[in-house]
1. Need one word for the range 45-92: rounded, prolate or oblate. Basis is the Cα gyration tensor (sqrt eigenvalues a ≥ b ≥ c); a/c below 1.5 gives rounded, then a/b vs b/c decides.
2. Fewest to most neighbouring Cβ within 10 Å: what's the order for 90, 97?
3. Can you report the principal axis dimensions of the range 1-80 using only the alpha carbons, biggest first, rounded to whole angstrom?
4. How do 120, 85 line up, fewest other C-beta atoms within 10 Å first?
5. Relative contact order for the range 74-149: what is it in percent, counting Cα pairs under 8 Å that are at least 6 residues apart?
6. Would you kindly calculate the translational diffusion coefficient of the range 70-127, applying Stokes-Einstein with the Kirkwood radius from alpha carbon pairs, for 20 °C and a viscosity of 1.002 mPa s, and quote it in µm² s⁻¹ without decimals?
7. Based on alpha-carbon atoms only, what is the radius of gyration of the range 1-41 relative to the globular estimate 2.2 N^0.38 Å?
8. Sort 116, 70 by Cβ crowding within 10 Å, fewest neighbours at the top.
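We did not get these values from a lab; they are worked out from the coordinates using the rules stated. In this text, all values refer to a predicted model and were calculated from it rather than measured experimentally. Quick reminder, even Gly has a Cβ in these numbers, built from the backbone with ideal geometry, and neighbours come from all protein chains shown.
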Ligand code: SF4
């Protein structure tokens, strides 16, 4: 599977996808001629009364589907990856990191240092904003995403910090280190 191709693993009965003969094992390639980078793109682009959806069938044929629907109707599918993108991990190296201090032998996911603005928006995870680039911040502004839960630390550590631009007007984003 290439980047920005999203494997469909569930098609709900009675959904638009079922009506259009989309099946599990098919791939979503684009909506309105635009690649879908992640679940933010998908949710944003799907909100329209007319969309063109490019699907690649499991046997390789590509279908361009013209769909008229209510504004807030979803296709009625689930994707292999809920974020439709790799989960982003923290790039910091805090000397007090609580994950590094966890005992060994627990389930693997507990050792993953997630730091992902998508998870912050979708389920309230805390993020540090230190692994985001200008493009990431621009998408948050474009999609008007809130609430982002950001954390900062009162202890010195070895984070490589580049202040992000949080809003077009923001002049002083939170600094992670407070003396
Ligand atoms: S930001 Fe959190 S997860 Fe990342 S190194 Fe620091 S304490 Fe650990």
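1. Since a/c reaches 1.5 but b/c is at least a/b, the shape of the range 45-92 is classed as oblate.
2. 97, 90
3. Computed over the range 1-80, the largest-to-smallest principal extents equal 30, 25, 20 Å.
4. Ordered by Cβ neighbours within 10 Å, fewest first: 85, 120.
5. Once normalised by length, the contact order is 29 percent.
6. So the translational diffusion coefficient is about 153 µm²/s.
7. 1.19
8. 70, 116
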